[in-house]
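We did not get these values from a lab; they are worked out from the coordinates using the rules stated. Because the structure is predicted, anything quoted here is derived from the model rather than measured. Glycine also receives a Cβ, built like all others from the backbone with ideal geometry; neighbour counts cover every protein chain displayed.
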Ligand code: TRP
């Protein structure tokens with residue numbers, strides 16, 4: 001039996017919000033009971049955009065600690081799982097180089113996120129931004145992870161990781177066999193489909209994703225918001241004039257209602273249908289009061305703990321360093337194997 005291993009990464013880009021929490025972190029917490037999990041703060045990915053965007057060295061350190069604090073405060077156990085920042089394990093960059101020579105230009109040219117992020121001024125995008133998906137493949141395959149919880153926007157990158165794994169396994173099949181490794185040396189990683197409110201939308205516009213870069217702070221609930229701010233933002237959230245429907249199909253073409261019901265469902269861990277069974281026919285004012293109570297009850301223990309941990313650099317850094325050492329122990333074995341498979345002479 002092969003180990004089932006989960007790997008996922010979160011960028012240290014700051015201002016974590018409800019979308020990051022419900023879309024990713026909640027899922028990470030759930031997965032720790034059934035898998036060996038490795039959660040990585042991907043600082044190497046963070047610097048693929050201009051420094052004016054990632055904010056410079058102090059901001060990078062702050063955000064790396066903030067994401068780590070959010071993981072721990074949300075209930076990811078750093079003893080049972082591995083939590084670390086990517087740059088501590090040299091294997092990510094080393095394996096990326098080998099994969100750069102496996103991946104084809106044509107594959108990368110199809111990546112839609114690069115096109116979006118590079119925008120019109122493609123000549124001026126960093127080489128790292130172009131190579132971002134190859135680094136992401138190396139992240140996953142360095143640990144020979146089998147399961148990757150990712151949002152919709154990262155599915156294409158995960159497919160690329162599968163293509164790279166498969167081409168490596170094929171190109172080096174003879175050497176893999178000669179080294180007595182399994183024919184699928186790199187497993188083809190599977191996406192882990194996330195729960196109901198994976199896509200949390202803006203509180204001001206149900207057609208837009210909740211985002212840290214939205215100009216209006218009222219569009220999102222930050223994990224740094226206190227109870228008053230959470231309450232105020234939910235009360236001001238955009239709705240429509242109709243009462244809530246009693247069935248899910250009544251949410252079609254009502255994106256704001258759908259979003260609030262989805263948030264309620266995700267926070268309470270119940271299906272949307274159950275939420276509507278309870279609140280169908282109610283006005284938004286009453287529903288919002290319940291949502292405020294629920295959101296404050298669920299989020300404030302986390303945000304309070306996050307704030308406390310954010311002050312405790314010594315503890316947060318010790319978690320990252322301990323995680324880095326454990327990650328490195330796994331990564332080193334893969335790098336040794338890959339060197340032997342490719343034909344690089346190495347120190348024993
Ligand atoms: N690209 C991912 C994102 O922006 C973050 C990431 C980096 C990742 N490496 C990963 C996610 C490996 C899953 C697995 O969301």
For a label point 7 Å along the Cα-to-beta-carbon line of residue 333, residues of the range 135-175 with backbone N under 14 Å | 142-146
Once label points are set 7 Å from the Cα along Cα→Cβ at both residue 226 and residue 273, what is their separation, rounded to one decimal in nm?
-> 4.2
So if R0 is 56 Å, what FRET efficiency would residue 289 and residue 179 give, r being the distance between their Cβ atoms, rounded to the nearest 0.05?
-> 0.35
For the chain, inverting the pair-averaged 1/r of distinct alpha-carbon atoms gives a Kirkwood value in Å of 21.6
Ranked on Cβ counts within 10 Å of their own Cβ, fewest leading, 49, 200, 67 go 49, 200, 67
Length gain on complete extension for the stretch residue 188 to residue 79, per 0.36 nm per residue less the alpha carbon to alpha carbon distance?
-> 36.5 nm
May I ask you to sort 45, 147 by Cβ crowding, counting other Cβ atoms within 10 Å and putting the fewest first?
-> 147, 45
Paramagnetic label zone (point 7 Å from Cα along Cα-to-C-beta, residue 305; backbone N under 14 Å) in the range 1-25 = 25
Give the value in nm², to one decimal: projected area of the alpha carbon convex hull of the range 1-98, averaged over all directions.
-> 7.4
Using per-residue counts of other Cβ atoms within 10 Å, averaged over each peptide, order 230-237, 266-273 from highest down.
-> 230-237, 266-273
Quick P(r) readout (the range 209-292; Cα-Cα; 5 Å bins; whole %) gives 3, 14, 26, 26, 18, 10, 3, 0
Output the antiparallel fraction of DSSP beta bridges having both residues in the chain, as a percent to the nearest 5.
-> 10
Given the Cα atoms of the range 14-63, and with Rh set as the inverse mean 1/r over their pairs in the Kirkwood sense, what is Rg to Rh to two decimals?
-> 1.06
Å³ per residue enclosed by the Cα convex hull of the range 207-348 = 198
Figure the gain on full extension for residue 325 and residue 107 (residue separation times 0.36 nm, minus the Cα-Cα span) and round it to one decimal in nm.
-> 75.2 nm
May I have the convex hull volume per residue, in Å³, for the Cα set of the range 74-147?
-> 142
Quote the FRET efficiency, to the nearest 0.05, computed for residue 253 versus residue 15 with a Förster distance R0 of 30 Å and r equal to the Cβ-Cβ distance.
-> 0.45
Gain in length, residue 345 to residue 205, computed as 0.36 nm per residue apart minus the alpha-carbon separation, to one decimal in nm?
-> 44.7 nm
